[in-house]
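A short reminder: the numbers here are calculations on the coordinates, not readings from a lab. Just so we're clear, the structure is a prediction, and the values are computed from it rather than from any experiment. Please note: Cβ atoms are built from the backbone with ideal geometry, for glycine as well, and neighbour counts cover all protein chains shown.
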Amino acid sequence: MAAQSPWDVSVEDLKKLRDDGANFVLLDVREPREYEICHLDGQLIPLASLPSRIGELDPNVHIIVHCRSGGRSANAVKLLRGAGFANAWNLNGGILAWIDRIDPSLTRY
């Protein structure tokens with residue numbers, strides 16, 4: 001699991017936001033082949049493509065970024081925050097934590 005940072009949110013926090021119908025973007029920074037194995041609803045922009053596709057995101061909207069275990073998404077959050085996205089957050093533990101603690105029906109890889 002990725003080390004916690006001040007920009008981390010837990011999978012339980014994400015579930016509550018989803019259940020409450022909160023307005024946010026869920027950004028998946030994994031590769032398309034990983035997305036095909038399992039995914040949460042949201043936008044797919046692989047980490048390597050994020051610098052060139054950052055214009056597709058609204059800096060005024062809360063963005064929760066995830067990957068497999070939290071490492072790539074933490075790097076994406078650093079990139080986004082450095083570009084002025086003050087509302088970018090990392091899903092601590094990534095989709096693996098989601099599978100472990102929220103939805104074990106998703107394929108673990």
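Looking only at the stretch 5-27, which residues are touching a residue at least 24 places away in the same chain (Cβ under 8 Å) and either over 17 Å from ASN92 (Cα atoms) or β-branched (Val, Ile, Thr) (or both)? Spell out the reasoning first.
Filtering the stretch 5-27 down to residues touching a residue at least 24 places away in the same chain (Cβ under 8 Å) leaves 5, 7-12, 14-15, 17, 22-27.
Result: VAL9, VAL11, ALA22, ASN23, VAL25.
Inside the stretch 57-86, residues that are more than 19 Å from LEU40 (Cα to Cα) and either free of Cβ contacts under 8 Å to residues at least 60 places away in the same chain or buried (at least 21 other Cβ atoms within 10 Å of the Cβ) (or both) make up a count of 12. For the stretch 28-72, the set of residues classified as over 14 Å from ILE95 (Cβ atoms), basic (Lys, Arg) and in contact with a helix residue (DSSP H, G or I) (Cβ under 7 Å, 6 or more places away or on another chain) is empty.
Among the residues of the stretch 87-109, those identified as surrounded by fewer than 21 Cβ atoms within 10 Å (Cβ to Cβ) and assigned to a loop (DSSP other than H, G, I, E, B) are ASN87, ILE102, ASP103, PRO104, SER105, LEU106, THR107, ARG108, TYR109.
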